[in-house]
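Since the structure comes first, as structure tokens, the remarks are kept for the end.
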Amino acid sequence: MSHNVSYDVSSIRKDFPILGQYVHNKPLVYLDNAATTQKPQQVIDRIHQIYTKENSNIHRGVHYLSNKLTEEYENARETVRSFINARHSHEVVFTNGTTHSINAVAYSFGEKYIAEGDEIIITELEHHANIVPWQVLAERKQARLKVVPINDQGEILLDAFQRMISPKTKIVAVSHISNSLGTINDVEKIIETAHQHNIPVLLDGAQSIQHQEVDVQQLDCDFYVFSGHKVYGPNGSGVLYGKEKWLEEMPPYQTGGEMIQKVTFAGTTYNELPFKFEAGTPNYVGAIGTAEALKYIREKGIRAIAGHEEDLLHYATAQMGEIPDITIYGTSNRKISVLSFLIKGIHHYDTGMVLDKMGIAVRTGHHCTEPLMNHFGIEGTVRASFAMYNTRDEIDRLRDALIKVKQMFS
Ligand code: PLP
């Protein structure tokens, strides 16, 4: 049951067929949503419909199916544009996901704007996907990667960030919301500060697009990236939003079909935006499926979803207080949807294994944030992450199961 009266979580759950199943003879409690979200029937049906009635390669056909699906693909782009409130639909590039999008920017922006001795700023709480591409770029260009530290609540130290900026700083890349801690980073302040020095900012939105309203014009971020599969859409699809002025200037990251205007053996001219960045046959099924997921979210209302998830996080945090010797990692006041913790003396992996036997799916380990784990001097955590379809009853089951885990290992 939701404690937000206008939010009908039980009817939402009915839209997600996977949630109705039993695991190890127990009703599934799916709390691994930061890793990937489940898909509503509406998205599953849309994909089914493409393969049963509409499939055809897009953008190059003269025939009915190809033209129809090209239109659907471009409609999907428009749906994304309006969902994140981008100024132009050609600022929306379809990719394979967040990792792909960040790699594309790191390579392409790096190729054009990063030279020896330049500096790239990231933070200590980034996902590996927002660390390694910049590290590789720094190596390739003999540039320097600077890392903004965090405090023990899991918040980025803004003073340190300000001090780190120098005339050599060329880009800042930061997650909007931390996947391991749930901290909602003060990206407004980061963007404002960076822009005072004319430095562009990339926001890793892998954990924000599904949890709160995102308006790229209001945020004024230069790049915003996310994955379809984390926002109730299909796997292998994602988005790279970039301000027109950057995308126009940046060279293509991959080359081949679709991204060209004219090819001769003497040379090639590139296609206009956004096609310049979409080499080869795009994952049009993924893009259309992701747009369908965004429509689903829009129907339910992102603010109502955020309110529900905030209630779940507060409730879960309070319930954890009933379990002795539990430490929560990530204790910022600005937090959403993620509860990362350890029970003293019990390995995170053992906790996860026992929870699984009780039908509860959580993630254990470093969550692709090893430097962040190093900050806390731990190897990993148990992470319960909430989505629009989770309930307080499920959190009660988690609490009871953790009490059992504690008894088993003591
Ligand atoms: N960034 C953050 C904050 C994430 O949580 C994730 C996935 O967990 C990624 C990037 C990478 O996303 P993907 O694996 O979908 O490319």
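Remarks
- Isotropically averaged projected area of the range 44-298, using the convex hull of Cα atoms (one quarter of hull area), nm²: 14.1
- Order by protection proxy (mean Cβ within 10 Å, highest first), peptides 352-365, 378-391, 159-172: 378-391, 352-365, 159-172
- The range 138-222: C-alpha gyration tensor shape, a/c 1.5 cut-off, then a/b vs b/c: prolate
- Compactness of the range 1-156, taken as the C-alpha radius of gyration over 2.2 N^0.38 Å, stands at 1.44.
- Against the chain, whose longest principal axis is taken from its Cα atoms, helix 64-84 shows a tilt of about 60°.
- Alpha carbon convex hull of the range 263-410, volume per residue in cubic angstrom: 193
- Ordered by the number of other Cβ atoms lying within 10 Å of each residue's own Cβ, fewest first, Tyr64, Tyr253, Tyr270 fall into the sequence Tyr64, Tyr270, Tyr253.
- Cα gyration tensor shape for the range 221-287, rounded if a/c is under 1.5, else prolate or oblate: oblate
- The chain: angle of helix 302-320 to the longest principal axis, Cα-based, in degrees nearest 10: 40
- Take every DSSP beta bridge whose two residues both sit in the chain; close to 60 percent of them are antiparallel.
- Least to most buried among Cys221, Cys368 (fewest other Cβ within 10 Å first): Cys368, Cys221
- Among His176, His375, a tally of other beta-carbon atoms within 10 Å of each Cβ gives an order, fewest to most, of His375, His176.
- Neighbour cut-off at most 16 other Cβ (10 Å), DSSP loop, trypsin sites (Lys or Arg not before Pro), the range 1-86: Arg60
- Helix 187-196 and the longest principal axis of the Cα set of the chain meet at an angle near 40°.
- As a length-normalised measure over Cα pairs under 8 Å and 6 or more apart, the relative contact order of the chain settles at 23 percent.
- For the range 356-410, the spread of Cα positions along each principal axis, largest first, Å: 34, 34, 16
Only the coordinates and a few stated rules stand behind these numbers; no lab work does. Bear in mind that the values here come from a model prediction, so they are computed numbers and not experimental data. Backbone-built Cβ (ideal geometry, glycine too); neighbour counts: all protein chains shown.
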